[in-house]
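**Student:** One structure is given below, represented as structure tokens, and several questions about it will come after.
The values are calculated or read from the model by the stated rules, or taken from the named source; none is laboratory data. Because the structure is a prediction, the values reported are computed rather than measured. A quick note on method: Cβ atoms are made from the backbone with ideal geometry, for glycine too, and the neighbour counts reach across all protein chains shown. With ligands, DNA and RNA removed, areas are computed over all heavy atoms of the protein, side chains included. Shrake-Rupley method; radii C 1.70, N 1.55, O 1.52, S 1.80 Å.
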Amino acid sequence: MKDTMKELKYHKNFVVLTLMKPTFRVALRLIGQSDAPAPQQENLTNAFGEAFNEGGNAGKYATLFHTMYFAKLCEALMFRELNEAGDAAEKYFSVDRFVALSPVMFFGKLETNDRKESTKWIRRGVECKDKIEKLSDLASTWNFQNKLYLLQAEEQFCSRNFGMAETLYDAAILSSKMHKFVNEEALANELAGHFYLETGRRNRSGHYFSQAFEKYNEWGAVAKATTLTQYLDEESER
């Protein structure tokens, strides 16, 4: 990716270069080579050689903001920074209501004591799930089946249908493995671990967190894997 960005800069392809920056910043954090927070607006706009703000340039640079908000949302949810995820999600939904391709989902993740707010996030999660289901049926089962299972698992978790949720988490893990999405296999294991932890079954969560730790490391996201050690350490002390 770094070489690609150098080539883009050399050929003065500033639009594509700028659009790549959010993903590059997130990748650096995942692999532990950057302590930087989620991509900041000023870092994304320098390539254009002009200063602007979101309100005054949202239309002109809609694709840029779309990419920036998506990257912020993915990073915040990946690292379970839920307040930041909520802010990024609101901005992302202001420019695009389709976030089903995000590697992390909304069901139960943006916790709130406000019933109306909670219902809003669940509704958005259902919208994402429905769109992923259409893609799985009509476009590519290979690419979307595991994502659908994971969304369905999260939905059942929120609905407190724990038995069905267990089945769907395992289905998401198996589908990710079969279709060779190691990063999504890691994610499905991690979310299953949180499911068992949050439903009072810590003894079962350890297996899933351990698998997530292994798969994140296999993917190369060593910094993300390190965030799971707190759950593994707690299990080893029992």
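**Student:** For S118, tell me the accessible area in Å² from a 1.4 Å probe, rounded to the nearest 10.
**Tutor:** We get 40 Å² for S118.
**Student:** I would also like to ask the following. Go through C158, C128 and list them by solvent-accessible area, largest first, probe radius 1.4 Å.
**Tutor:** C158, C128
**Student:** If you don't mind, another one. Could you check the spin-label model distance between N143 and N217? Points 7 Å from the Cα along Cα→Cβ, value in nm.
**Tutor:** Taking the simple label geometry, N143 and N217 are separated by 3.2 nm.
**Student:** Same structure again: At a probe size of 1.4 Å, how large is the accessible area of L30, to the nearest 10 Å²?
**Tutor:** It works out to around 20 Å².
**Student:** Using a 1.4 Å probe and counting only protein heavy atoms, arrange M178, M20 so the residue with the most accessible area comes first.
**Tutor:** M178, M20
**Student:** Using a 1.4 angstrom probe with every protein chain in place, what is the largest-first accessible-area order of D130, D3?
**Tutor:** Result, largest first: D3, D130.
**Student:** Quote the FRET efficiency, to the nearest 0.05, computed for E81 versus T229 with a Förster distance R0 of 22 Å and r equal to the Cβ-Cβ distance.
**Tutor:** 0.80
**Student:** Say the cut-off is 20 Å between C-alpha atoms; which of K91/K224; K147/K177; K21/K177; K21/K129; K131/K177 go over it?
**Tutor:** Long pairs (Cα-Cα over 20 Å): K91/K224; K21/K177; K21/K129; K131/K177.
**Student:** Ignoring everything but the protein chains, give the 1.4 Å probe accessible area of T67 in square angstrom, nearest 10.
**Tutor:** It works out to around 30 Å².
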